[in-house]
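The values are calculated or read from the model by the stated rules, or taken from the named source; none is laboratory data. Just so it is clear, the structure is predicted and the values come from calculations on it, not from any experiment. We place every Cβ from the backbone using ideal geometry, glycine too, and count neighbours over all the protein chains shown. Ligands, DNA and RNA are stripped out before the accessible areas are found, and what is left, the full protein with its side chains, is counted by its heavy atoms. Shrake-Rupley method; radii C 1.70, N 1.55, O 1.52, S 1.80 Å.
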Amino acid sequence: MTTKTLIITILVFLVLSGLFIWGYVQNGNTPATVQGASNAGTKSTLAAPLTVYDFGTISMKNGDVSKDFIFANPSRQSIIIRGLETSCMCTSAFLVKANGSSDGPFSMPGMGGRTATNETIKAGEGRTLRVVYNPNAHGPAGVGQIDRFITITDETGGKLQFEIKALVTP
């Protein structure tokens, strides 16, 4: 192979690699968004003041941990929630109504759990999303950093995504 051919080959490789990386960054694909890819699509009208929660370090021996997220319908029309799903079987979610009753558990699609709902949230109303994480679900191999997603899908296909994080120890 001549020096000229080698230089051209390296330049073509660098240009193609640069284009790939540029496209990846332009699409907003970070490791977190790729794992939480179920959030692809439009953003829901539903709004929440807090969508990410870090439990910090938790121990498997202490069992389940939970977090309540508050979200609301700030629009002037009712919104119907059609789906609620989690990104892993170790995480379940419940919709808590204003009267304290709850609907769920909702879980990961394809794992035999429930993901469909028909909850109407009137204009100005809010709900609580209760997320429960089971650090023992993956057994001894489940130690380390976790990052799980919970996605609410409304009738228009809009999505509101929540995220929990933790460092799981034995």
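Of note:
- Just one of the numbered conditions (1) touching a residue at least 24 places away in the same chain (Cβ under 8 Å); (2) on the phi < 0 side of the Ramachandran plot; (3) in contact with a strand residue (DSSP E or B) (Cβ under 9 Å, 6 or more places away or on another chain) is not true of Gln77: (3).
- Residue among Leu11, Leu6, Leu16 that alone is out of contact with any Pro (no Cβ under 8 Å at 6 or more places or on another chain), at pLDDT below 50, open to solvent by 50 Å² or more (accessible area, probe 1.4 Å) and more than 30 Å from Pro170 (Cβ to Cβ): Leu16
- Single unsatisfied condition, Val65 versus (1) of a type in the set (A, V, I, L, M, F, W, C); (2) within 26 Å of Thr42 (Cβ to Cβ); (3) more than 15 Å from the chain's Cα centre (by Cα): (2)
- For the range 57-72, a tally of residues being in contact with a strand residue (DSSP E or B) (Cβ under 7 Å, 6 or more places away or on another chain), surrounded by fewer than 16 Cβ atoms within 10 Å (Cβ to Cβ) and over 18 Å from Ile150 (Cβ atoms) returns 2.
- Residue count for the range 73-107, restricted to those that are open to solvent by 30 Å² or more (accessible area, probe 1.4 Å), more than 18 Å from the chain's Cα centre (by Cα) and farther than 15 Å from Val132 by Cα: 11
- Residue match in the range 158-168 (condition: open to solvent by 30 Å² or more (accessible area, probe 1.4 Å) and closer than 17 Å to Ala47 by Cβ): yes
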